[in-house]
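The structure under discussion appears below in the form of structure tokens.
The values are calculated or read from the model by the stated rules, or taken from the named source; none is laboratory data. Bear in mind that the values here come from a model prediction, so they are computed numbers and not experimental data. All Cβ positions, even for glycine, are placed from backbone atoms using ideal geometry, and neighbour counts span all protein chains on display. For accessibility, only protein heavy atoms count, side chains too; no ligands or nucleic acids. Shrake-Rupley method; radii C 1.70, N 1.55, O 1.52, S 1.80 Å.
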2 protein chains.
Amino acid sequence: MLRLSKLTDYAVVVLVRLAQAGPALPGARVREVGMQTSPGIAAATGIPEPTVAKVLKILAGGGLVASQRGAHGGYRLLRPLTAIPVSDVIAAIDGPIALTACVEGAAGGCESESLCPVRGRWDPVNTAIQEALGAITLADMQAAAVPRAFRLPAATLQDARGDAQPAAE
Amino acid sequence: MLRLSKLTDYAVVVLVRLAQAGPALPGARVREVGMQTSPGIAAATGIPEPTVAKVLKILAGGGLVASQRGAHGGYRLLRPLTAIPVSDVIAAIDGPIALTACVEGAAGGCESESLCPVRGRWDPVNTAIQEALGAITLADMQAAAVPRAFRLPAATLQDARGDAQPAAE
DNA sequence: GGTAAGAGGACCCATTCGGTCCTGATTGAC
DNA sequence: GTCAATCAGGACCGAATGGGTCCTCTTACC
């Protein structure tokens, strides 16, 4: 699959939304500029509120957002979207990017290490993916976003699948 | 995580082993050249035999190896390692490479599509990863293989983790 | 034709992930 | 000083996927 978790997908949505809050909200008197609450983000994104809270909690632990407790508290971005590569989000949610057990830091994880002919050979692949993910920031993902009306549903699927050979499954 | 399944890891090992069989085995009288059995590969790689059989079965379905049933049957490579990109192996085992539900061809899979600000924005990320994986062949992974003694265990871990911030977990 | 070797397919169990809920701590408003 | 709002942390449960095992069918040799 090479699929990342839904939480990571949610995290990107939440972070982009957090940036869209804008530092100049009209009613930003009591609440700090650019700060939003979990329920507010949930309502804006359509993601279940508990899940949003969970994502924000993890992101706060990863140093991507800052939290403010108490009444009129909330979360705010610590860095602009241009300074947040996708790899950082993935690392914050899913932990360090590691394709196989051979590279995920598992000490002696591979029980057949003495026989395995490709021991540690995933490293270059892993590095290539990390570089690819590190080169794309959330701002890039946001900038590429086009209004929904511009994307036909069918065309969306076709475009999304693209060169991922469709006959394989 | 961005982790691919163990089966994919096994598949690479099996394929490399299948290539190492060599087309000029001494006792290759009854068995076709370059052909190996599941138990043989299992013994050579240390992977459990049923798992090897399962991997080979999937790879045969994916068109990467050919099977020969009956006595003195077995499996053989259909293409040289230089012609097998890593992405093909992953696609054969885990299906098409798709990072998120938004790109995996799920019709209307995203229930909050009207709100999601990054709808379909994983496509460039997905493409970047596919290109990275498509550029690396099994021959590269095999060629990069160095004897185990040349790699310090600690250095291996450091190299593997690399710039994936270690403090994240 | 019988026997053995080996692939093909179906099945089951364990692990992990996604999602939800509850309780406690902190801060601002009244 | 009290109350309300909101985040923080943890535990819990259900679903889904992956990993592994077993049985059956096919094929070639004797």
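If you go through the range A:1-39 and keep only what is among the β-branched types (Val, Ile, Thr), within 12 Å of DNA strand C (Cβ to nearest atom) and modelled with pLDDT under 80, you end up with just A:Val30.
Within the range B:72-84, residues that are within 16 Å of DNA strand C (Cβ to nearest atom) reach partners that are in a strand (DSSP E or B) and open to solvent by 80 Å² or more (accessible area, probe 1.4 Å) with beta carbons closer than 7 Å, at six or more positions or on different chains, in the pairs B:Gly74/B:Gln68.
Per-residue answers, yes or no, for (1) modelled with pLDDT of 85 or more; (2) more than 13 Å from DNA strand D (Cβ to nearest atom):
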site	(1), (2)
B:Pro48	no, no
B:Gly70	no, no
B:Val86	yes, yes
B:Asp94	no, no
B:Leu99	no, yes
B:Val103	no, yes
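Go through the range B:106-144 residue by residue and tally those that are under 15 Å from the mean Cα position of the chain (by Cα) and at pLDDT below 75. So the answer is 1. For the range A:52-71, the set of residues classified as within 12 Å of DNA strand C (Cβ to nearest atom) and open to solvent by 40 Å² or more (accessible area, probe 1.4 Å) consists of A:Lys54, A:Lys57, A:Ile58, A:Ser67, A:Gln68, A:Arg69, A:Gly70, A:Ala71, listed by residue number.
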